[in-house]
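A.B. asks: Handing you a structure now.
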Amino acid sequence: KKTQKKVSAYQFASHSHSATVDTIVPELKHDKEAKHDHHLRKFEYTKALDCVLLPYVVKKHPHVTVSVMQELIRRRALHKAFRGRDTKSLIQILRFFVRNLADYRFTRVLIDA
């Protein structure tokens, strides 16, 4: 007696069906916009510069401060951000310049400022 092979179409084969039906879609995480980016987007240049001149940002992330200054130079708005400042904030800006002018990464931007 010959054994007969059972013929089935590929689309009806049991190995083509997956065991799980639900597909899990990963949730999109939105990155929070930095405060200085928000102020730059709103054309609030003085507030953007104030955000990056905070002592923590100046000491831990001076590249952020320099990049905001570079963006203000590109927009030709650095003079608007410097205008109307009191003595304390001007001293803070000058102290940042003196501290970071020797760093080769920031020299070109700080000289332009």
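The values are calculated or read from the model by the stated rules, or taken from the named source; none is laboratory data. The shown structure was predicted, so the numbers you read here are calculated from the model rather than taken from an experiment. With ideal geometry, Cβ positions are generated from the backbone for all residues, glycine too; neighbour counts draw on all protein chains shown.
A.B. asks: Quick one: in the range 7-55, of everything that is of a type in the set (D, E, K, R) and at pLDDT below 90, which residue is farthest from LEU110 (Cα to Cα)?
C.D. replies: For the range 7-55, the residue satisfying everything is ASP22.
A.B. asks: Collect the residues in the range 40-53 that are assigned to a loop (DSSP other than H, G, I, E, B) and surrounded by 15 or more Cβ atoms within 10 Å (Cβ to Cβ), keeping them in residue-number order.
C.D. replies: Within the range 40-53, the subset assigned to a loop (DSSP other than H, G, I, E, B) is 42-44, 53.
Answer for the range 40-53, where residues must be assigned to a loop (DSSP other than H, G, I, E, B) and surrounded by 15 or more Cβ atoms within 10 Å (Cβ to Cβ): GLU44, LEU53.
A.B. asks: I want to confirm something. Restricting to the range 81-108 and keeping residues that are among the β-branched types (Val, Ile, Thr) and out of contact with any Phe, Trp or Tyr (no Cβ under 8 Å at 6 or more places or on another chain), which single residue is surrounded by the most Cβ atoms within 10 Å (Cβ to Cβ)?
C.D. replies: Going through the range 81-108, the residues among the β-branched types (Val, Ile, Thr) turn out to be 87, 91, 93, 98, 107.
Add one more test, that the residue is out of contact with any Phe, Trp or Tyr (no Cβ under 8 Å at 6 or more places or on another chain), and what stays is 87, 91, 98, 107.
Numbers: THR87: 7, ILE91: 11, VAL98: 10, THR107: 13.
For the range 81-108, the residue satisfying everything is THR107.
A.B. asks: Which pairs have Cβ atoms under 8 Å, sit 6 or more apart or on different chains, and link a residue in the range 62-80 that is acidic (Asp, Glu) to one that is part of a helix (DSSP H, G or I)?
C.D. replies: The qualifying pairs are GLU71/LEU40.
A.B. asks: Yes or no: the range 63-73 includes at least one residue that is out of contact with any Leu (no Cβ under 8 Å at 6 or more places or on another chain) and not in a helix (DSSP H, G or I).
C.D. replies: Within the range 63-73 (the criterion being out of contact with any Leu (no Cβ under 8 Å at 6 or more places or on another chain) and not in a helix (DSSP H, G or I)), the answer is no, since none of the residues qualifies.
A.B. asks: While we're on this one: Cβ-Cβ distance below 6 Å, separation of 6 or more or different chains: which pairs start in the range 84-104 with a residue that is more than 15 Å from ASP50 (Cβ to Cβ) and end on one that is part of a loop (DSSP other than H, G, I, E, B) and polar (S, T, N, Q)?
C.D. replies: Pairs found: none.
A.B. asks: Would a scan of the range 96-103 turn up a residue that is of a type in the set (Phe, Trp, Tyr) and within 24 Å of LYS42 (Cα to Cα)?
C.D. replies: First pass over the range 96-103, keeping only residues of a type in the set (Phe, Trp, Tyr): 96-97.
Next cut, within 24 Å of LYS42 (Cα to Cα) only: none.
Checked against the condition, which is being of a type in the set (Phe, Trp, Tyr) and within 24 Å of LYS42 (Cα to Cα), the range 96-103 yields no hits at all.
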